[in-house]
Amino acid sequence: MVKQISFTKYEHQLVPEFREKINKTESLEDVREVFSYALRELFENIFKGKITVTEEDIIFTPDKDPHYMFSDQLKSQPDFMDVWKNSDLPRLVQDLADSAVRRYKHIKKHPERTESKIRM
């Protein structure tokens, strides 16, 4: 039996701030940036310098499932893949992606609200 690592502690630290930021986004690009930043912060906390994660390593794909992709560079790092396969990290990332997609779809449905905020 393989022991699964849990990152619930990091989830509880990250999620309140993520939700606050994602709910304040006003454009589709803002949603992408908040999601990418949150994952980079999460990975920095988990890996503590063992891997390098850049903005280009995390791709938000709201119209595909799953709603994110990782660069080949990130997936080629053994430390990352070992944790990815043996932890609850995929679930945590999927939960964050689902929240970002909900906000993305909301903004896409109501562009007039975003435009009115930009003009103010």
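Annotations
- For the stretch 1-43, a residue qualifies if it is within 11 Å of the chain's Cα centre (by Cα) and of a type in the set (Gly, Ala, Ser), and the qualifying residues are Ser36, Ala38.
- Consider the stretch 58-117 and keep the residues that are part of a helix (DSSP H, G or I) and of a type in the set (S, T, N, Q). The one that is farthest from Ser27 (Cα to Cα) is Gln73.
- Selection within the stretch 72-103 - of a type in the set (Ser, Thr, Tyr) and either touching a strand residue (DSSP E or B) at 6+ places or on another chain (Cβ under 8 Å) or exposed (fewer than 14 other Cβ atoms within 10 Å of the Cβ) (or both): Ser76, Ser87
- Residues that are farther than 22 Å from Thr61 by Cα, of a type outside the set (D, E, K, R) and touching a residue at least 24 places away in the same chain (Cβ under 8 Å), drawn from the stretch 1-49: Val2, Gln4, Ile5, Ser6, Phe7, Thr8, Tyr10, Gln13, Asn45, Ile46, Phe47
- Taken over the stretch 20-38, the criterion of being surrounded by 15 or more Cβ atoms within 10 Å (Cβ to Cβ) and among the basic types (Lys, Arg) is satisfied by Lys21, Arg32.
- Residues that are β-branched (Val, Ile, Thr), farther than 16 Å from Asp98 by Cα and assigned to a helix (DSSP H, G or I) within the stretch 1-23 comprise just one, Thr8.
- Restricting attention to the stretch 24-39, the residues that are assigned to a helix (DSSP H, G or I) and touching a helix residue (DSSP H, G or I) at 6+ places or on another chain (Cβ under 7 Å) total 7.
Coordinate-derived values only; no laboratory data. Since this is a predicted model, take the numbers as computed values, not measurements. Because the Cβ atoms are built from the backbone with ideal geometry, glycine has one as well, and the counts that use them run over all protein chains shown.
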